[in-house]
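Structure first, then comments.
Just so you know, all these numbers are worked out from the coordinates, no wet-lab data involved. Note that this is a predicted model, so its numbers are computed, not measured. Virtual Cβ from ideal backbone geometry, glycine too; neighbours counted across all protein chains shown.
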Amino acid sequence: MDHQDEIVAPARTVTDRGRQHFVVLVANAKGGCGKTTLSTSLASYYASQGRSVTLLDLDPQQSSSQWWRQRTQQGYPAIDLQTVPLDGHFHAGRLQASLREARDMVIIDSPAGLSGPALDALLNISKVVLVPVLPSPIDIRAATRFLQAVMLSPVSRRRPRRLAVIANRARERTRMYGQLEVFLNSLKIPFLTTLRDTQLYVQASGEGCGILDLPDIPPQDRDSWRRVMEWLEVQRHLTRTLPGL
Ligand SMILES: Nc1ncnc2c1ncn2[C@@H]1O[C@H](COP(=O)(O)OP(=O)(O)OP(=O)(O)O)[C@@H](O)[C@H]1O
Ligand SMILES: [Mg+2]
């Protein structure tokens, strides 16, 4: 019952029973930093590799769901979509139900403004958290607050999350990118890669695919993504072989 969902502490009620899924949470409290772009690109990449993927769209704007509908008309490898909008109330029961139905690999696209019980509950079920950050002073400040919220959350205190940051929409050799790079390198968490600002992401998003599905992708972009995939593979291996971590 919805009312019941709202009054139970979600961090305790949402669990990945048996911890069989590899859940990747893409999150940052800041809007427009690339959460959906990163989530859909990852889901598309894993589907193209023959993996069984669920894309969990928690954003009431449903950008990932729109991308997915576009995708189904284009004949790309199938992705399972689950939609659980996190609006005014957080429904732990619905999230738990969609996780029960989910495939092996779960990519969560979260809404801007993620905090409090919803953030705790998502951290509780996630194996790793990817945080995209844009090169701007406002985005750097917002990312600082969000990373603090993640690291200080009750769930992370019990068991630190595998957390990494990604610079997005970078125009290298600009002063602002330089500042973002200094900031990301100063954190005690992995700075995985820099995704450059290119219309290829806009094109891929319109076609229901990921940038790596497009023909003639520059090697620079492939290399940027390779670093993300390699890190995720290592985390997946570690969480399987050392489940207590
Ligand atoms: N590396 C990039 N290069 C060019 N455009 C990009 C890049 N990353 C994202 N974009 C574009 O920026 C816009 C915002 O990206 P996206 O929707 O992924 O952000 P978001 O964090 O999901 O936003 P919201 O908080 O509203 O959900 C989109 O139009 C997207 O196509
Ligand atoms: Mg989004």
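The simple spin-label model puts a point 7 Å past each Cα toward its Cβ; for Arg141 and Val202 those points are separated by 2.8 nm. Take the Cα of Ile217, step 7 Å toward its Cβ, do the same at Leu187, and the gap between the two points is 2.2 nm.
Available extension along the chain between Arg175 and Gln20 is 51.4 nm, counting 0.36 nm per residue and deducting the alpha carbon span. Site pair Arg227 and Ala97 shows an inter-label distance of 4.2 nm when each label is modelled 7 Å from Cα along Cα→Cβ. Both numbers refer to the Cα atoms of the range 19-170; Rg and Dmax are 14.7, 44 Å. For the peptides 66-74, 183-191, 128-136, the ranking by packing is 128-136, 66-74, 183-191, with the highest mean count of neighbouring Cβ atoms within 10 Å listed first. Fully extending the segment from Gln148 to Thr241 would add 30.6 nm, taking 0.36 nm per residue of separation and subtracting the current Cα-Cα distance. Using R0 = 30 Å, the C-beta based FRET efficiency linking Ser52 and Arg158 works out to 0.55.
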